[in-house]
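Following: one structure in structure tokens, then a few remarks.
The values are calculated or read from the model by the stated rules, or taken from the named source; none is laboratory data. Just so it is clear, the structure is predicted and the values come from calculations on it, not from any experiment. A quick note on method: Cβ atoms are made from the backbone with ideal geometry, for glycine too, and the neighbour counts reach across all protein chains shown. Remember, those area values only see protein heavy atoms, side chains included, never the ligands or the DNA or RNA. Shrake-Rupley method; radii C 1.70, N 1.55, O 1.52, S 1.80 Å.
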Amino acid sequence: MVTSVDVARHMGLSQSTVSRALRGHPSVAPATKARILSVARELGYVPDAAARMMVTRRTHAVGVVVADLTSPIYPVIVESLQNRLLERGYRMVLIRDPDISPDPDAVDVLDTATVDGMIFVSARESSAAVRRVLERGTPVVLLSRDDTTVEVEAVLADDRRAGEIVVAHLEELGHKHIGVLTTLRDRSNGRDREDGFRAAMERRGLQIREEWVRHLRLTHDEGVRAALELLNSGDRPTAVYCVTDALAFAVLDAAAQLGISVPQDLSVVGFDDSGPAGWAFINLTTVHQPIPEMAYLAVDRLAGRIEGEPPSETMKTVFPVRLQIRATTAPAV
């Protein structure tokens, strides 16, 4: 079955250019469009999605399951996934994670007649949705979070390592009293970031105050509420490690409400290095994870399963992280 990727490869053009020409997009010059259409016909390209499905028994669509697009990192993940899927000749179908959706059966609309495979960006440990999809034989790859209760390929950041580099940075600045805002324990990335933090603190002989460790649902309001409780007392940490940038923004919000100056009175570290983290008026110190590279590999791994390639010998691929130091951390007072 000839796809737009095959046409692009044959002509030495980008897949996006070929795809636009085949769709009749006005951005493609008429002469280029005519040449692409001519070559596509010669190669036997079948433009109609229904016709392609009848020939290949594939939909050339991939389901992407996400938790909450209000988080500043999710749009980056979704855009990266969509770009790579288009390059590989697949369309993206976006769906809200049924494990947290009001419709627990939402994932079932993405059966094998709708999508060829699925990428879960928000899988929880023991996810019922992931298990259902695997049981019906649909290829699955997890991105950013893992589920150790099933055998599935996953593309992850080195979340435990993040705790080490954050604690090392804060200790160098003289901080010994460090709090944590983290996720519920059924999210593998938040759990590993917390566990890495705990291990780094223990290795350095620094006390972990359990009343300074808060497990939260990832909403701004809940983050602000927890941060206000943590900071609105005489006995508060001098620094807070947040396992997402969104939680770090909530801490900055709470600190502003309480008149606590960042970083003079409180250092704050996030995780994600999302776009807003680098804005001048935020300038958040945060752990950088290479989202585009991770998303591209997740798509390539899934496309390989769909196209009949054997699974990777490394079922779990872990990308390195680094600390992006900006203006929300300073020496302890």
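Quick look at the numbers
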{"read-out": "Qualifying positions in region 140-152 - open to solvent by less than 10 Å² (accessible area, probe 1.4 Å) and within 15 Å of the chain's Cα centre (by Cα)", "value": "Val141, Leu142, Leu143, Asp147"}
{"read-out": "Residue that is surrounded by the most Cβ atoms within 10 Å (Cβ to Cβ) [pool: residues in region 200-227 that are of a type in the set (Val, Ile, Thr) and under 16 Å from His175 (Cβ atoms)]", "value": "Val213"}
{"read-out": "Val318 part of a strand (DSSP E or B), open to solvent by 40 Å² or more (accessible area, probe 1.4 Å) and within 21 Å of Arg193 (Cα to Cα)", "value": "yes"}
{"read-out": "Residue match in region 40-63 (condition: at pLDDT 85 or above, part of a helix (DSSP H, G or I) and either surrounded by fewer than 19 Cβ atoms within 10 Å (Cβ to Cβ) or in contact with an Asp or Glu (Cβ under 8 Å, 6 or more places away or on another chain) (or both))", "value": "yes"}
{"read-out": "Count - residues of region 196-222 that are part of a helix (DSSP H, G or I) and of a type in the set (Lys, Arg)", "value": "2"}
{"read-out": "Residues of region 153-182 that turn out to be closer than 29 Å to Asp235 by Cα, of a type in the set (A, V, I, L, M) and surrounded by 18 or more Cβ atoms within 10 Å (Cβ to Cβ), as a count", "value": "7"}
{"read-out": "Subset of region 201-226 (residues that are in contact (Cβ under 8 Å) with a residue 40 or more places away in the chain and in contact with a Gly (Cβ under 9 Å, 6 or more places away or on another chain))", "value": "Leu218"}
{"read-out": "Members of region 252-276 that are open to solvent by less than 50 Å² (accessible area, probe 1.4 Å) and free of Cβ contacts under 8 Å to residues at least 60 places away in the same chain", "value": "Ala254, Ala255, Ile260, Ser261, Leu266, Gly270, Asp273"}
{"read-out": "Test: residue in region 233-244 that is open to solvent by 30 Å² or more (accessible area, probe 1.4 Å) and either in a helix (DSSP H, G or I) or closer than 23 Å to Ser122 by Cβ (or both)", "value": "no"}
{"read-out": "Every pair of residues 6+ apart whose Cβ atoms lie under 7 Å, when the first sits in region 279-303 and is closer than 16 Å to Gln82 by Cβ while the second is open to solvent by 40 Å² or more (accessible area, probe 1.4 Å) and not aromatic (Phe, Trp, Tyr)", "value": "Ile291/Val76; Ala295/Arg84; Tyr296/Arg84; Val299/Arg84; Val299/Arg88; Ala303/Arg88"}
{"read-out": "Residues (assigned to a helix (DSSP H, G or I) and open to solvent by 30 Å² or more (accessible area, probe 1.4 Å)) located in region 7-26", "value": "Arg9, His10, Met11, Ser16, Thr17, Arg20, Leu22"}
{"read-out": "Filter result for the condition that a residue is under 21 Å from Trp212 (Cα atoms) and either at pLDDT 95 or above or in a helix (DSSP H, G or I) (or both), over Leu142, Leu170, Leu156, Leu134", "value": "Leu170"}
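The rows are residues; the columns are (1) within 21 Å of the chain's Cα centre (by Cα); (2) modelled with pLDDT under 95; (3) among the hydroxyl-bearing types (Ser, Thr, Tyr); (4) closer than 23 Å to Asp186 by Cα.
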| residue | (1), (2), (3), (4) |
| --- | --- |
| Thr285 | yes, no, yes, no |
| Ala295 | yes, no, no, yes |
| Val299 | yes, no, no, no |
| Arg305 | yes, yes, no, no |
